[in-house]
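The values are calculated or read from the model by the stated rules, or taken from the named source; none is laboratory data. Remember, predicted model here, so these are calculated numbers, not experimental data. All Cβ positions, glycine included, derive from the backbone under ideal geometry; neighbour counts span all protein chains shown. The accessibility values were calculated without ligands, DNA or RNA, using every heavy atom of the protein model including side chains. Shrake-Rupley method; radii C 1.70, N 1.55, O 1.52, S 1.80 Å.
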Amino acid sequence: MSAVAMSLRRSGQLLNLSRAAGRRWLATARAGGTGVGTGTGTAEKSTTGGTATSGDADAVQIDLPENSFEGYLLDTPSLQYSTTKASLLQMYKDMVVIRRMEMACDALYKAKKIRGFCHLSVGQEAIAVGIENAITKLDSVITSYRCHGFTYMRGASVKQVLAELMGKREGVSYGKGGSMHLYAPNFFGGNGIVGAQVPLGTGLAFAHQYKNEDACSFTLYGDGASNQGQVFESYNMAKLWNLPVVYCCENNKYGMGTAASRSSATTEYYKRGQYIPGLKVNGMDILAVYQASKFAKDWCVSGKGPLVLEFETYRYGGHSMSDPGTTYRTREEIQNMRSKNDPIAGLKMHLLDLGIATDAEVKQYDKAARKYVDEQVQLADKAAPPEAKLSILFEDVYVKGSEIPTLRGRIPEDTWDFQKNDFATQK
């Protein structure tokens, strides 16, 4: 047994399911199945949450707690809305897959299969899943380096995410980007520079507006990045041009090892836009995240301009794999959040209380997720690394058809000729 498999087994996360079976599990989620049947569906992950119509037998009425939202210069979203059983089941399964994937990343990193920077989102799964279920594939998403879950929700497989983290050719960035530089259709990273994705997300919103698209940009950043000057410059430009951008601050309480209250003069991040309306959301409740994200999307595409969301959330682990996460906060604090506010456990309670699933069925979903992720781990681990040749460095620099004639490498002899598809000095 490999060191990776042993590490996963020790962590209680050894997972086993073929890729086809994984797809069947994803497909049956929307049909309300257990995900371990014999169907042959190959449907992709759900990208929009179901909105129930009157008389729909699958309809579910959601009643959110009074403290789900706090508004700034706007009326908060309704605390009551209708959705579908299939949508709730899909959101649960997506969160479980993301958590299992992140736990697999932890094991792979400790087995030295993943190297360099690696930031996990265990505890914050509700944000990526809630947003994705409230928008469409036409909308654009951009975030910081804590991006594994968003990449999966935007369409990448677990194998593609993990292969990238391990530097394999089959990774979403062909093994060149690593943990902080993951991409998928209309998902623009994964950005390593703190706060730098905010002006980029603003530009994406400008593109949506320029092309008259019924879409918006969800631009995410953390509380640690919220004090960056480029964030406020983006606010100004977005409001000036009335851009369809949702600025989402993922406030997980700590920027690296510093509590938000020690780095920010005000921690009411949803009010930071000043002239831009804001909304604070319970980011540990996926039902609130979904409703807030749907509200934000409708706000932007209706021509009201930008909006600032603050998702109050919590990361259970450290800032990165090099941070134990316990030197600046107590273990009791972490355990309290895990036991009382976990987003997966919270949605599980709703599934049981609403009669959408039984406890036995939920255990089957969890088991299927474990198996699916384990198989993806094995496939990613077996994938080949990039070939050791310099020409790979010049791939994907330009969109095909827009290249310049030649591009210099480290030294003149490394100059790449795009027409020859070879080094310029080669005859």
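Would the range 166-173 turn up any residue that is among the small types (Gly, Ala, Ser), under 17 Å from the mean Cα position of the chain (by Cα) and surrounded by fewer than 24 Cβ atoms within 10 Å (Cβ to Cβ)?
So the first thing to find is which residues in the range 166-173 are among the small types (Gly, Ala, Ser), and the list is 167, 171, 173.
So of that shortlist, the ones also under 17 Å from the mean Cα position of the chain (by Cα) come out as 171, 173.
Checking which are surrounded by fewer than 24 Cβ atoms within 10 Å (Cβ to Cβ) leaves us with 173.
Taking every residue of the range 166-173 in turn, at least one turns out to be among the small types (Gly, Ala, Ser), under 17 Å from the mean Cα position of the chain (by Cα) and surrounded by fewer than 24 Cβ atoms within 10 Å (Cβ to Cβ).
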**Prompt:** Filtering the range 384-399 down to residues that are under 18 Å from Val172 (Cα atoms) and loosely packed, with under 11 Cβ neighbours inside 10 Å, which residue is modelled with the highest pLDDT?
**Reply:** Ala384
**Request:** State which residue pairs qualify: first residue in a loop (DSSP other than H, G, I, E, B) and inside the range 379-395, second residue open to solvent by 30 Å² or more (accessible area, probe 1.4 Å) in any location, beta carbons under 7 Å apart, and separation of 6 or more residues or different chains.
**Result:** Ala383/Arg169; Ala383/Glu170; Ala384/Arg169; Pro385/Arg169; Pro386/Arg169; Pro386/Tyr174
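Within the range 254-271, identify whether any single residue is under 23 Å from Leu347 (Cβ atoms) and among the β-branched types (Val, Ile, Thr), and answer yes or no. Walk me through how you get there before you give the answer.
First pass over the range 254-271, keeping only residues under 23 Å from Leu347 (Cβ atoms): none.
For the range 254-271, residues under 23 Å from Leu347 (Cβ atoms) and among the β-branched types (Val, Ile, Thr): absent.
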**Fill in**
Within the range 407-420, residues being free of Cβ contacts under 8 Å to residues at least 12 places away in the same chain and surrounded by fewer than 10 Cβ atoms within 10 Å (Cβ to Cβ) number 3
**Message:** Here is a check on your reading of the model: is Leu279 touching a helix residue (DSSP H, G or I) at 6+ places or on another chain (Cβ under 9 Å), buried (at least 23 other Cβ atoms within 10 Å of the Cβ), closer than 30 Å to Leu88 by Cα and modelled with pLDDT of 95 or more?
**Reply:** yes
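I'd like the full set of residues that are closer than 13 Å to Pro343 by Cα and not in a strand (DSSP E or B), limited to the range 311-325. Spell out how you get there, then give the answer.
Here is the first cut: in the range 311-325, the residues closer than 13 Å to Pro343 by Cα are 311-316.
Result: Thr313, Tyr314, Arg315, Tyr316.
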**Complete:** With the first residue restricted to the range 133-146 and required to be closer than 16 Å to Ser320 by Cα and in contact (Cβ under 8 Å) with a residue 40 or more places away in the chain, and the second required to be in a strand (DSSP E or B) and among the aromatic types (Phe, Trp, Tyr), Cβ contacts under 6 Å at 6 or more apart or on different chains are Ser144/Tyr221
**Fill in**
Of the conditions (1) touching a Gly at 6+ places or on another chain (Cβ under 6 Å); (2) open to solvent by 10 Å² or more (accessible area, probe 1.4 Å), the single one that Ser78 does not satisfy is (1)
**Request:** Please state which one of Tyr109, Tyr145 is under 22 Å from Gly192 (Cα atoms), touching a His at 6+ places or on another chain (Cβ under 7 Å) and at pLDDT 95 or above.
**Result:** Tyr145
**Message:** With the structure loaded, tell me whether Phe311 is among the hydrophobic types (A, V, I, L, M, F, W, C) and either outside the structural domain of Ile142 (by the TED database) or open to solvent by 30 Å² or more (accessible area, probe 1.4 Å) (or both) or whether it fails that test.
**Reply:** no
**Message:** Restricting to the range 205-245, count the residues that are open to solvent by 10 Å² or more (accessible area, probe 1.4 Å), under 19 Å from Lys137 (Cα atoms) and assigned to a loop (DSSP other than H, G, I, E, B).
**Reply:** 5
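Can you work out which of the residues in the range 97-117 that are open to solvent by 10 Å² or more (accessible area, probe 1.4 Å) and either farther than 17 Å from Gly167 by Cα or not assigned by the TED database to the domain that holds Met284 (or both) is nearest to the chain's Cα centre (by Cα)? Write out each step before concluding.
Filtering the range 97-117 down to residues open to solvent by 10 Å² or more (accessible area, probe 1.4 Å) leaves 99-100, 103, 106, 109-113, 115-117.
In the following step, the residues that additionally are either farther than 17 Å from Gly167 by Cα or not assigned by the TED database to the domain that holds Met284 (or both) were identified as 99-100, 103.
On the way: Arg99: 11, Arg100: 14, Met103: 15 Å.
Among them, the one singled out is Arg99.
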**Request:** Go through the range 358-370 and give me each residue that's buried (at least 19 other Cβ atoms within 10 Å of the Cβ) and in contact with a Ser or Thr (Cβ under 9 Å, 6 or more places away or on another chain).
**Result:** Tyr365, Ala368
